[in-house]
Amino acid sequence: LPDYLDTLNPMLPNYLDKSLPEYRETEHTYSSRFNRRHRLSGHVFAGRYKSLIVDHSQNGYLRTVCDYVHLNPVRARLVAPDQPLRSFRWSSFRDYLVLLGGRPPWLRVDRLLGEMRIPFDTPSGRQEFEIQLEARRQGEDGNAWRQLRRAWCYGPKPFRDELLMAVKRQGGSHHYAEPRRESERERAEQRVQEELRQLGWSDNDVATRPKGDPEKIRIARRLRHETTVSLQWIADRLKMGRWTHVSNYLRRKRSASLAENHLQPRPASTVSVRVDEQKIRTDPYWEVLPTHCL
């Protein structure tokens, strides 16, 4: 498309570390050469590089992403309703419809054809491929692609959990914010489950107890100290109302703790301090100080 590019590539070894810098370098190199060739300057692409990790080991996920890429010209209105998809030249869809010798050497079609239950790369198989995608085009629903645009990975829960474990092991600021946030939510949920087991509570107990229950406030304080989840997440998980309520509960608890610590007797100092009693009696500044400050 004019201002962005979608590609579907196999994951590299240690993909959480290596894929991001390599594709960024590709984007930077292409932009630099494009600007030099056409004597332009500035950004070539509309936004930053973003990757979606897709589980290709199970049926459905790879096909959904490929359909999303091939139908991009339709959503961008670069193909008229009465024009076939093959009329858009800047798409790999056209290459799926030609013989093997006419395709780019890097294009692999067997996986997608297999997911569409097309066993062979033959003229009839390629015709069936075009028929199926044109039918998908006619019944396209914009809401169906919302998860692909917002997610950082696409696959079943075990696949997502495996990636989250990799994020936890590797850490680092090079990961996208969304997997880091999801990793933090997983950690926070573990803390909540640990507290509920110690209290003997169930999720029903959490829902029925008051929003300002002291135990809920204690759990909320622990989550704020040990994780980076938002107040809104804590409010929703512990059934404490709005996030502003959680903030007020924590502030009051913090103020009460400070007041309690302030009223506790301090241990006697082992340092000998000499005070000029005459100055204390005559200097008005000392008169306003409380006794424990002297």
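The values are calculated or read from the model by the stated rules, or taken from the named source; none is laboratory data. The structure displayed is predicted, hence computed values, not measured ones. Methodologically, a virtual Cβ is constructed for each residue, glycine included, from the backbone with ideal geometry; neighbour enumeration extends over all protein chains shown.
Among the residues of segment 204-216, which ones are touching a Lys or Arg at 6+ places or on another chain (Cβ under 9 Å) and assigned to a helix (DSSP H, G or I)?
Those that are touching a Lys or Arg at 6+ places or on another chain (Cβ under 9 Å) and assigned to a helix (DSSP H, G or I): V206, A207, T208, P214, E215, K216.
Could you go through segment 38-48 and let me know if any residue there is surrounded by fewer than 11 Cβ atoms within 10 Å (Cβ to Cβ), under 16 Å from E130 (Cβ atoms) and modelled with pLDDT of 85 or more.
No, segment 38-48 has no match at all.
Quick check on E178: is it at pLDDT below 75, on the phi < 0 side of the Ramachandran plot and either of a type outside the set (V, I, T) or surrounded by 15 or more Cβ atoms within 10 Å (Cβ to Cβ) (or both)? Break it down into steps so the answer makes sense when it comes.
Working: at pLDDT below 75: yes; on the phi < 0 side of the Ramachandran plot: yes; either of a type outside the set (V, I, T) or surrounded by 15 or more Cβ atoms within 10 Å (Cβ to Cβ) (or both): yes.
Taking the combined requirement at face value, the residue satisfies it.
Within segment 70-85, take every residue that is surrounded by fewer than 17 Cβ atoms within 10 Å (Cβ to Cβ) and of a type outside the set (S, T, N, Q) and give me the one that is farthest from C153 (Cα to Cα).
My answer is D82.
Kindly evaluate L12 against the criterion of being under 15 Å from L133 (Cβ atoms) and at pLDDT below 85. Before you say what the answer is, go through the steps one by one.
Details: under 15 Å from L133 (Cβ atoms): no; at pLDDT below 85: yes.
When the stated conditions are applied, L12 does not pass them.
Residue-wise test of (1) over 30 Å from R160 (Cα atoms); (2) in contact with a helix residue (DSSP H, G or I) (Cβ under 7 Å, 6 or more places away or on another chain); (3) at pLDDT 90 or above.
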{"residue": "R185", "(1), (2), (3)": "no, yes, no"}
{"residue": "N204", "(1), (2), (3)": "no, no, yes"}
{"residue": "G241", "(1), (2), (3)": "no, yes, yes"}
{"residue": "E277", "(1), (2), (3)": "yes, no, no"}
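Working only within segment 207-228, note down all residues that are over 15 Å from E194 (Cβ atoms) and either outside the structural domain of R197 (by TED's automatic domain parsing) or of a type in the set (A, V, I, L, M) (or both).
A207, I217
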